[in-house]
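The values are calculated or read from the model by the stated rules, or taken from the named source; none is laboratory data. Values in this document were obtained by computation on a predicted structure and should not be read as measured data. Because the Cβ atoms are built from the backbone with ideal geometry, glycine has one as well, and the counts that use them run over all protein chains shown. Keep in mind that these areas ignore ligands, DNA and RNA; they rest on the heavy atoms of the full protein, side chains included. Shrake-Rupley method; radii C 1.70, N 1.55, O 1.52, S 1.80 Å.
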Amino acid sequence: MGLNGRKSGLVMAKNKGKPQHNSTDGKPAKAGEKTLVLDVGGHHVKVYASGHPEPREIATGPKFTPQMLVREVGQLVSDWSYSRVAIGYPGPVREGHPSEEPLHLGRGWTSFDFAKGFGVPVRIVNDAAMQALGSYRGGDMLFLGLGTGLGSALIVEGVLQPLQLEAVPYRKGRTVEAYVGEAGLERLGHGKWRSHVRRVVTLLRYIVQADYVILGGGNTKLLKKLPLDCFLGENALAFPGGLRLWEGVPRELCGKRIKPQEGNSQAQAAAQ
């Protein structure tokens, strides 16, 4: 099925019809509402809201549960007003709900009723997908998050498609994530890790035929040289990504074309 027809895809253009179901409430977004944005990670949750772009933080860890998320967020932002929630979740999401338990948090995420817990409508996407939404500049964009693992998402003309590119086979029976994730960094050292990041980025861009790549995640600070048509993102872009999850990508970006600086044949050759 084409990208626009995938269940996990989300049409993100403003004023371009109803978004598909990347929400737990199944209702269309309403204009003028305030959004609480939660960027959930293995070490902390960054909490933003409409009118509050400076994040507040909650510590997480291997025992952190969704019940703790609801309780601690409620305490942290008791002085904020909001009528809906956007969550970036550190794991796969299908039809607007976590489909697998997170690797670095507690259990119970796949069965939790987030809309009931927060008492307002909730929309959930993979955390890489939410940062991708905030990073989107138009055209066909691949987002790759270099952190504990490898997060990935693709946006084609305003349509978001979360990906699981970390499972792509790469070398010696290992996946790309085993080389460019944190375990690969520790095993290979900085120099070899950087070399594999460049190779993997070029390879994955060629696979999805993206115009350009945005690299996010904490380990991007270790990079010295980027492949062509590759740009560094910012973790703070999860906030506008959460807003766009409800409000939509600006229409002018959805029709904007980005011309790559290199041809596909060059990208393919560099990936060898």
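At-a-glance table
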item	result
Long-range amide H partners of residue 49 with built H, under 5 Å	37
Long-range tail of P(r) for segment 126-272 (Cα pairs > 25 Å, %)	23
Cα-Cα separations in segment 62-212 greater than 18 Å, expressed as whole percent	63
Per-residue ³J(HN,Hα) for segment 131-142, Karplus 6.51 cos²θ - 1.76 cosθ + 1.60, θ = phi - 60°, Hz, x for Gly and Pro	5, 4, 4, x, 8, 5, 10, x, x, 10, 10, 9
FRET efficiency estimate (nearest 0.05) - Cβ-Cβ, residue 172 to residue 225, R0 22 angstrom	0.35
In Hz, Karplus ³J(HN,Hα) per residue of segment 62-75 (6.51, -1.76, 1.60; θ = phi - 60°; x = Gly, Pro)	x, 10, 7, 10, x, 5, 5, 4, 4, 5, 6, 5, x, 5
HN-Hα J in Hz across segment 151-156 - Karplus 6.51, -1.76, 1.60, θ = phi - 60°, x for Gly and Pro	x, 7, 7, 10, 10, 10
All aspartates and glutamates inside 14 Å of residue 116 as judged from Cα atoms, apart from same-chain residues fewer than 8 positions distant	25
14 Å cut-off, amide nitrogen to a point 7 angstrom out along residue 190 Cα→Cβ, residues in segment 206-225	219-225
Distance violations [Cα-Cα > 21 Å] among 225/256; 46/256; 192/221; 192/225; 172/192	225/256; 46/256
Relative contact order for segment 146-269, counting Cα pairs under 8 Å that sit 6 or more residues apart, in percent	24
Apportionment of accessible area to carbon and sulfur, segment 97-180, percent (1.4 Å)	51
Cα centroid separation - segment 161-206 against segment 225-247, whole Å	20
Segment 25-172 - share of DSSP beta bridges that are antiparallel (%, nearest 5)	70
Among 214-226, 77-89, the order from most to least packed when residues are scored by Cβ within 10 Å on average	77-89, 214-226
